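Undergrad: Can you read through this structure? Questions will come right after.
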Amino acid sequence: MSNTDNNTKLLRLFTAGSVDDGKSTLIGRLLYDTKSVFDDQHEEIKKYSKRRGELDINLALLTDGLRAEREQGITIDVAYRFFSTKKRKFMIADTPGHLQYTRNMFTGASTANLSIILIDARKGILEQTRRHTYIASLLKVSHIAICINKMDLVNYDVSVFERIKKEFLNFSTNLDFLNIEFIPISALKGDNVVSPSKQMEWYKGNTLIYYLENIKIDSEQNLVEARFPVQYVIKPLINDHSKYRIYTGRISSGTYKKGDKVHVLPSGTSTTIAKIDTFDSELSEAFSQMSVSFQLKDDLDISRGDMIVHEGALPVITQNFDALICWFNLIPLRIGGKYILLHTTRELLCVVNQVYYLLDINSLNKKEDFENVAMNDIAKIHIKTTKPIFIDPYNINKETGSFILVDESTNDTVAAGIII
């Protein structure tokens, strides 16, 4: 694939940071300066800003869509926005900064290729900065842009930028990112967001939009370990009876070709792919993240939650595994308690039978002396499932290496986790 094709691929990104670091304003600035705002939207936020007594247009209102958010001036949900430039399309998630909405941030980060971490130049690195940076690393968000915002409020002082940059690099030494880009900005004034800043001529790096347009993400896809979790089984009726079955779903990773020899889990049966179809055409080959249907050479007993894989690259088949979780619920985790585990297209019961440690988000040290796993805690645990599941480590395959836990009595989502 050429670099041009690479750079036009949809980039999924999310913003994170502490409260009032300017995440919503930054997204509003990106939308406004890339001319991705409709005239009626512009007029609406202009009127609303005037009613609030604000002298300038409040660009944060482009993303703070909930009424409660507009009244409080904060983000309390994940707001998704699409925009594009001549070079690339973007899907951006504006995630909350408050501690109690960490789970929303976890959700926004789960599908992202890139993270924008905002830091208020006046405040420097805070606990939420560390928390969100660690979660981005935990979820294998490979690229991270550190936008040191509100530089206009510190007189565009280069020493402030360099001090925060040095502190962040010291903090993130052991975290897992392909690259880290540091950009001094003012989302309110537009400095270094889309246009280079005339106030910071000492900065010789890229603007934020240039960085976003040119970052390469194709190499991150796993095209080796082929994983196809079956979502639906369709039996087309021909002459009032079914002659074959179609297995539909989305390819989690890898590639499949017509004629490939494959392995069906959990039965362990081998067969051959006879046909690959999309909604409107037949394919000779299908890739990761494509939604397709398979017809197999043999008539097999396959149902939702089963997995079709290549014979030479099997996942781990187990009922026991270790994981890192972010706990979402006000009710602490119950050691020995039963939970519903949702993994790819499977749903089964499990027991959390051990908690190894909590993670101290400030020092990144392990806390082995703790009372419980409470809301927003990150913990390493051991899980035992009632039936075998087909897993990969998260760093190899994000989809087969991740899961969520649901309380079987309340149906609340209580945790998201990654398999290690």
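The values are calculated or read from the model by the stated rules, or taken from the named source; none is laboratory data. Just so it is clear, the structure is predicted and the values come from calculations on it, not from any experiment. Cβ sites come from the backbone with ideal geometry, for glycine too, and all protein chains shown count toward neighbours. Remember, those area values only see protein heavy atoms, side chains included, never the ligands or the DNA or RNA. Shrake-Rupley method; radii C 1.70, N 1.55, O 1.52, S 1.80 Å.
Undergrad: Report the full-extension gain for the segment residue 232 to residue 153: residue separation times 0.36 nm, less the Cα-Cα distance, to one decimal in nm. The partial results should precede the final answer.
TA: Values: separation 79, 0.36 × 79 = 28.44 nm, distance 5.53 nm.
Computed gain between residue 232 and residue 153 is 22.9 nm.
Undergrad: Which of the trypsin sites (Lys or Arg not before Pro) across region 316-396 are loop residues per DSSP, with 16 or fewer other Cβ within 10 Å?
TA: Working: sites: 334, 338, 346, 366, 367, 380, 384; in loops: 334.
Answer by residue number: 334.
Undergrad: Also, quick follow-up: Using the Cα centre of region 253-405 as origin and beta-carbon charges of +1 (Lys, Arg) and -1 (Asp, Glu), tell me which of 336, 393, 256 is placed farthest towards the positive end of the dipole.
TA: 336
Undergrad: Continuing with the same structure: Given points 7 Å out from each Cα along the Cα-Cβ axis, report the residue 89 to residue 10 separation in nanometres with one decimal.
TA: It is 0.6 nm.
Undergrad: Extension gain residue 303-residue 169, at 0.36 nm per residue separation less the Cα-Cα distance, in nm? Intermediate results must be reported in sequence, preceding the final value.
TA: On the way: separation 134, 0.36 × 134 = 48.24 nm, distance 4.83 nm.
Working it through step by step, the gained length comes to 43.4 nm.
Undergrad: Roll a 1.4 Å probe over the protein heavy atoms and report the accessible area of residue 299 in Å², nearest 10.
TA: Spelled out: residue 299, probe radius 1.4 Å, area about 120 Å².
Undergrad: While we're looking at this one, here's another question. Within 10 Å of each candidate Cβ there may be at most 16 other Cβ atoms; applying that plus a DSSP loop requirement, which chymotrypsin sites (Phe, Trp or Tyr not before Pro) in region 340-386 survive? Provide the component values of the computation, followed by the final result.
TA: Numbers: sites: 356, 357, 370; in loops: 370.
Of the chymotrypsin sites (Phe, Trp or Tyr not before Pro), the ones in loops of region 340-386 whose Cβ has at most 16 other Cβ atoms within 10 Å are 370.
Undergrad: Modelling each spin label as a point 7 Å along the Cα-to-Cβ direction, I'd like the residue 295/residue 335 distance in nm, to one decimal.
TA: Between residue 295 and residue 335, the simple spin-label model gives 5.5 nm.
Undergrad: Could I ask something else about it? Among 123/338; 140/204; 123/367, which pairs are too far apart, with a Cα-Cα distance over 31 Å? Spell out each step's value before the answer.
TA: On the way: 123/338 43 Å; 140/204 28 Å; 123/367 27 Å.
The pairs that break the limit, which is 31 Å between Cα atoms, are 123/338.
Undergrad: Ignoring ligands and nucleic acids, what accessible area does residue 321 show with a 1.4 Å probe (Å², nearest 10)?
TA: That residue has around 10 Å² of solvent-accessible surface.
Undergrad: If you find the alpha carbon centre of region 297-344 and of region 384-405, how far apart are they in angstrom?
TA: 5 Å
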